[in-house]
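Q: One structure, as structure tokens, below. Some questions next.
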Amino acid sequence: MKYGEKEIKTFDIDAKENFWPNEHTKNYTIRIELPEFMCLCPRSGYPDFATLTLSYEPDALVIELKALKLYINSFMYRHISHENAANEIYDTLYTKLRPKSIKLTADFNPRGNVHTVIEIDSTHN
């Protein structure tokens, strides 16, 4: 197993070092684009690809960017639907960060003439 594969397989999103104190009290937005998301279709096993866009207004914590990358990459070996992947990522980040607001957009590449975009926004929940 290559070092990157090992790092992804053993990654634990719950580790304390993945989240840093937000040193700023003003309101600001962090916007992150993750254009190489991959998971496996739970029915066929075919790969599904998406661009994830995360936008959040931090409160007490921010996520360390390498931790976010490893967390997102950990889905590449999982058989999971588009909806479940997007909701799991949103729920995990919302629970861990407790941001003032957060929005996740999962824009999946078309497959079989179907294009899916999933948006989850804390301002609508």
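Q: Of the listed values (i) 38, 18, 14; (ii) 25, 19, 11; (iii) 37, 16, 15, grab the one calculated as semi-axes √(5λ) of the Cα gyration tensor in Å from the structure here.
A: From the options (i) 38, 18, 14; (ii) 25, 19, 11; (iii) 37, 16, 15, the structure gives (ii).
Q: Hey, another quick one. Which value in deg cm²/dmol, rounded to the nearest 500, describes the helix-derived mean residue ellipticity at 222 nm for the chain, given -39,500 (n - 2.57) per DSSP H run of n ≥ 4 and division by the residue count? Intermediate results must be reported in sequence, preceding the final value.
A: Numbers: 3 runs with 32 residues, N = 125.
-7500 deg cm²/dmol, from helical runs alone.
Q: Then there is this: Identify the residues of the range 1-39 with backbone N under 15 Å of a label point that sits 7 angstrom from the Cα of Thr95 along the Cα-to-Cβ direction, or state none.
A: Under 15 Å, as judged by backbone N against the label point of Thr95, lie 12-16 of the range 1-39.
Q: Please compare each pair in Lys69/Lys100; Lys2/Lys100; Lys6/Lys26; Lys66/Lys100 to a cut-off of 32 Å on the Cα-Cα distance and tell me which ones are over it. Walk me through the numbers on the way to the answer.
A: Numbers: Lys69/Lys100 22 Å; Lys2/Lys100 38 Å; Lys6/Lys26 38 Å; Lys66/Lys100 22 Å.
Check vs 32 Å cut-off fails for Lys2/Lys100; Lys6/Lys26.
Q: In terms of modelled amide H atoms, which long-range or inter-chain residues lie less than 5 Å from the amide H of Asn109?
A: Answer set, sorted by chain and number: Phe49, Ala50, Thr51.
Q: Any idea which of Pro42, His115, Ala60 is furthest toward the positive side of the dipole for the chain, if Lys and Arg beta-carbons carry +1 and Asp and Glu beta-carbons -1?
A: Pro42
Q: For the chain, give the magnitude of the charge dipole about the Cα centre (Cβ charges: +1 Lys/Arg, -1 Asp/Glu; no others), in debye to the nearest 20.
A: On the way: 15 positive and 18 negative charges, 36 e Å.
My answer is approximately 180 debye.
Q: Non-local amide H neighbours of Val62 (under 5 Å, H modeled in plane, Pro and chain starts lacking H): which ones?
A: Correct list: Trp20, Asn22.
Q: Whole-Hz Karplus ³J(HN,Hα) for the range 64-77, in order, using 6.51 cos²θ - 1.76 cosθ + 1.60 and θ = phi - 60°, x for Gly and Pro?
A: 5, 5, 5, 4, 5, 4, 5, 4, 5, 5, 5, 7, 5, 9
Q: Let me ask you something else. For Arg78 and Asn27, what does the FRET efficiency come to when R0 = 41 Å and r is the distance between their Cβ atoms, rounded to the nearest 0.05? Present the calculation step by step, with values, prior to reporting the outcome.
A: Values: r = 35 Å, r/R0 = 0.85.
FRET efficiency, Arg78 to Asn27: 0.75.
Q: Measure nothing fancy, just the Cα-based angle from helix 82-97's long axis to the longest principal axis of the chain, in degrees from 0 to 90, nearest 10.
A: That works out to roughly 20 degrees.
Q: What list of ³J(HN,Hα) values in whole Hz, one per residue of the range 8-22 in order, does the Karplus curve 6.51 cos²θ - 1.76 cosθ + 1.60 (θ = phi - 60°) give from phi, with Gly and Pro shown as x?
A: Going residue by residue, I get 5, 5, 9, 5, 10, 4, 7, 5, 4, 5, 7, 10, 10, x, 7 Hz, with x marking Gly and Pro.
Every number here is computed from the coordinates shown, using simple stated rules; none is lab data. Here the structure is a predicted model, which means the values were calculated and not measured. Positions of Cβ are generated from backbone atoms using ideal geometry, with glycine treated the same way; all protein chains shown enter the neighbour counts.
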